[in-house]
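To start, the structure itself, in structure tokens.
The values are calculated or read from the model by the stated rules, or taken from the named source; none is laboratory data. From a predicted model like this one, the values you see are computed outputs, not experimental measurements. Because the Cβ atoms are built from the backbone with ideal geometry, glycine has one as well, and the counts that use them run over all protein chains shown. Remember, those area values only see protein heavy atoms, side chains included, never the ligands or the DNA or RNA. Shrake-Rupley method; radii C 1.70, N 1.55, O 1.52, S 1.80 Å.
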Amino acid sequence: MTTIQQSGRDASRWLSSYYFLRAGVSVGWVAAAFTIGRTVPPAAAALLVAYPAWDAVANVIDARRSGGFIANPSQVLNAAASTVVAVAVAVALGWGLHAVLAVFGVWAILSGLLQLATGVRRWQAGAQWAMALSGAQSALAGTHFIVKANGAATPEITDIAPYAAFGAFYFLVSAVWLTVARVRRGATERTA
């Protein structure tokens, strides 16, 4: 086995593990949003700040593991944007949930476009069609959030939870896709 094959397999293993982690955290966040976040306002506030903060940390981890910051500008920008948004959400909580939803809307558009760029850039790694699709859908969801933030109905954390659930779905699809592809490649190499 060549070094290139091994590094490709290591990258695939890393991405699938990373995507499983992202899916799991998102599922946990959605569950918390629909249970404790729905009934305990301080918990909802903490969850709303934690979501973009976790995204910032995850993008830094991915960028470092995937060749460093210079090689991954879209993830670095996404981490910076998510950090700013976590602070902006904390501030917006003082203005009300309409403001929070507007901040989430802007962030969903920006982070979605950056995720789309990351998916296109690492297309050869496999399963990036799901990441690109997720990024595009995130941008659309952000537009919906902004429209809803300008509406009369009072937003809730449960308005954001489906967005996180779709993110979990796309991360899970990518993780499974990469895992299955890696297992198939391994089986093919053993029989060759």
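Observations, loosely collected:
- Whenever a residue of segment 8-37 is farther than 15 Å from P162 by Cα, its partners that are part of a helix (DSSP H, G or I) and among the acidic types (D, E), lying with C-beta atoms within less than 8 angstrom and at least six residues away or across chains, give the pairs Y18/D62.
- Which listed residue, of T143, T154, T83, is polar (S, T, N, Q) and under 20 Å from F34 (Cα atoms): T154
- Matching residues in segment 15-47 - criterion: being within 20 Å of T179 (Cα to Cα) and not aromatic (F, W, Y): L15, S16, S17, L21, R22, A23, G24, V25, S26, V27
- The conditions of being modelled with pLDDT of 95 or more, in contact with a Ser or Thr (Cβ under 9 Å, 6 or more places away or on another chain) and either surrounded by 15 or more Cβ atoms within 10 Å (Cβ to Cβ) or under 26 Å from A125 (Cα atoms) (or both) are not met by A86.
- Considering only residues in segment 96-147 that are outside any helix (DSSP H, G or I) and more than 20 Å from A80 (Cβ to Cβ), the one that is least open to solvent (accessible area, probe 1.4 Å) turns out to be A127.
- Pairs are defined by a Cβ separation below 9 Å, a sequence spacing of at least 6 or placement on different chains, a first member in segment 73-100 that is farther than 26 Å from T154 by Cβ, and a second member that is surrounded by 20 or more Cβ atoms within 10 Å (Cβ to Cβ) and among the hydroxyl-bearing types (S, T, Y); the pairs so defined are S74/T118; Q75/T118; N78/S111; N78/T118; A81/S111.
- Single match in A45, A80, A33 (criterion: part of a helix (DSSP H, G or I) and either touching a helix residue (DSSP H, G or I) at 6+ places or on another chain (Cβ under 6 Å) or surrounded by 20 or more Cβ atoms within 10 Å (Cβ to Cβ) (or both)): A33
- Contact annotation: residue pairs with Cβ atoms under 7 Å, 6 or more positions apart or on different chains, pairing a residue in segment 133-146 that is farther than 14 Å from F104 by Cβ with a partner that is hydroxyl-bearing (S, T, Y), are L133/Y170; S134/Y170.
- Considering only residues in segment 48-59 that are within 24 Å of T179 (Cβ to Cβ) and of a type outside the set (D, E), the one that is surrounded by the fewest Cβ atoms within 10 Å (Cβ to Cβ) turns out to be V57.
- The C-beta contact set for segment 158-184 (first residue within 28 Å of A33 (Cα to Cα), second residue assigned to a helix (DSSP H, G or I) and β-branched (V, I, T), distance under 7 angstrom, 6+ apart or interchain) comprises A161/V30; A164/V30; A165/V30; A168/V27; A168/V30.
- Of the residues making up segment 149-192, those that are open to solvent by 70 Å² or more (accessible area, probe 1.4 Å), closer than 25 Å to V100 by Cα and not hydrophobic (A, V, I, L, M, F, W, C) number 3.
- Looking across segment 50-77 at every residue that is aromatic (F, W, Y) and assigned to a helix (DSSP H, G or I), the one that is nearest to I160 (Cα to Cα) is identified as Y51.
- Condition broken by F171, with the remaining ones in (1) hydrophobic (A, V, I, L, M, F, W, C); (2) in a helix (DSSP H, G or I); (3) out of contact with any Lys or Arg (no Cβ under 6 Å at 6 or more places or on another chain) satisfied: (3)
- Restricting attention to segment 39-68, the residues being modelled with pLDDT under 95 and over 18 Å from the mean Cα position of the chain (by Cα) number 2.
- Per-region count, segment 53-85, residues touching a Phe, Trp or Tyr at 6+ places or on another chain (Cβ under 6 Å) and closer than 26 Å to A99 by Cα: 2
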